[in-house]
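Enquirer: Pasting in a structure now, in structure tokens, and then I'll have a few things to ask.
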Amino acid sequence: MNFSSLVLMEKDKDNKFFTRELGSYKVNEGAEYITKMYYDGKKINVFFDTKKDVEEWEYTAVFDYFDYESFTEKGYTIEDIDDEYNPTWLVKFEFLSKHEDMEKKFDELCNLISEKVHQVFQDISNQREKYE
């Protein structure tokens, strides 16, 4: 499925309800990996996964080989979410008040996600024996 835009909602920190739409942002490749996102009043929280079911050995290998540094180098914080069926991550970053700047940031993030998910599956393709 191709996504053309992402809608950012604000989430109330106390009752966890979405309170308002903050904007809709045009994006390119990579948005299909995003499973949910919201602004919590402090940071934008973007959850993404592998977009496909993984085998048991791949689950650990994906986390072991994933390129976290590429995200932190660009000012994102990234952490594993290990209570999901497939490898999932949470990326956090600052909200930018200018719509164009925010759109560029989302597009950058989507491209980075796409690149790094593709890369990790290439990197683990010959690692099956190590993880079984």
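Enquirer: Scan the strands (runs of 3 or more DSSP E) fully inside the stretch 1-80 and keep the ones with 1 or more residues being among the small types (G, A, S) and at negative phi.
Expert: Per the criteria, 5-11, 18-26.
Enquirer: Considering only the stretch 43-66, I want to know if a residue exists there that is hydroxyl-bearing (S, T, Y) and farther than 30 Å from E132 by Cβ.
Expert: no
Enquirer: Tell me, please, whether a residue that is at pLDDT 95 or above, within 30 Å of Y131 (Cβ to Cβ) and out of contact with any strand residue (DSSP E or B) (no Cβ under 9 Å at 6 or more places or on another chain) can be found in the stretch 71-83.
Expert: There is at least one residue in the stretch 71-83 that is at pLDDT 95 or above, within 30 Å of Y131 (Cβ to Cβ) and out of contact with any strand residue (DSSP E or B) (no Cβ under 9 Å at 6 or more places or on another chain).
Table: residues versus (1) among the hydroxyl-bearing types (S, T, Y); (2) farther than 22 Å from K11 by Cα.
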position	(1), (2)
I34	no, no
V46	no, no
T60	yes, yes
Y85	yes, yes
K98	no, no
Q122	no, yes
K130	no, yes
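Enquirer: Quick check on my filter: what residues within the stretch 8-29 are among the aromatic types (F, W, Y) and in contact with a helix residue (DSSP H, G or I) (Cβ under 7 Å, 6 or more places away or on another chain)?
Expert: Across the stretch 8-29, the qualifying residue is only Y25.
Enquirer: Moving to a separate point now. Report, ordered by the first and then the second residue, all pairs with beta carbons closer than 7 Å, sequence separation of six or more or different chains, a first member in the stretch 32-56 that is without any contact (Cβ under 8 Å) to a residue 12 or more places away in the chain and under 17 Å from Y76 (Cα atoms), and a second member that is outside any loop (DSSP other than H, G, I, E, B) and of a type in the set (F, W, Y).
Expert: Correct list of pairs: K36/F47.
Enquirer: Here's another thing I want to ask about it. Answer with yes or no whether D107 is among the acidic types (D, E), under 24 Å from Q119 (Cα atoms) and assigned to a helix (DSSP H, G or I).
Expert: Against the criterion (among the acidic types (D, E), under 24 Å from Q119 (Cα atoms) and assigned to a helix (DSSP H, G or I)), D107 qualifies.
Enquirer: Every residue in the stretch 94-104 that is loosely packed, with under 14 Cβ neighbours inside 10 Å, assigned to a loop (DSSP other than H, G, I, E, B) and not small (G, A, S), please.
Expert: Matches in the stretch 94-104: E94, K98.
Enquirer: Among the residues in the stretch 89-99, are any within 24 Å of L22 (Cα to Cα), without any contact (Cβ under 8 Å) to a residue 24 or more places away in the chain and of a type outside the set (A, V, I, L, M)?
Expert: Yes, that holds for at least one residue.
Enquirer: Considering each of V91, V117 in turn, give the residue that is buried (at least 17 other Cβ atoms within 10 Å of the Cβ), of a type in the set (V, I, T), under 21 Å from I44 (Cβ atoms) and in contact with a strand residue (DSSP E or B) (Cβ under 7 Å, 6 or more places away or on another chain).
Expert: V91
The values are calculated or read from the model by the stated rules, or taken from the named source; none is laboratory data. Values in this document were obtained by computation on a predicted structure and should not be read as measured data. Every residue, glycine as well, gets a Cβ built from its backbone with ideal geometry; the counts of neighbours run over all protein chains shown.
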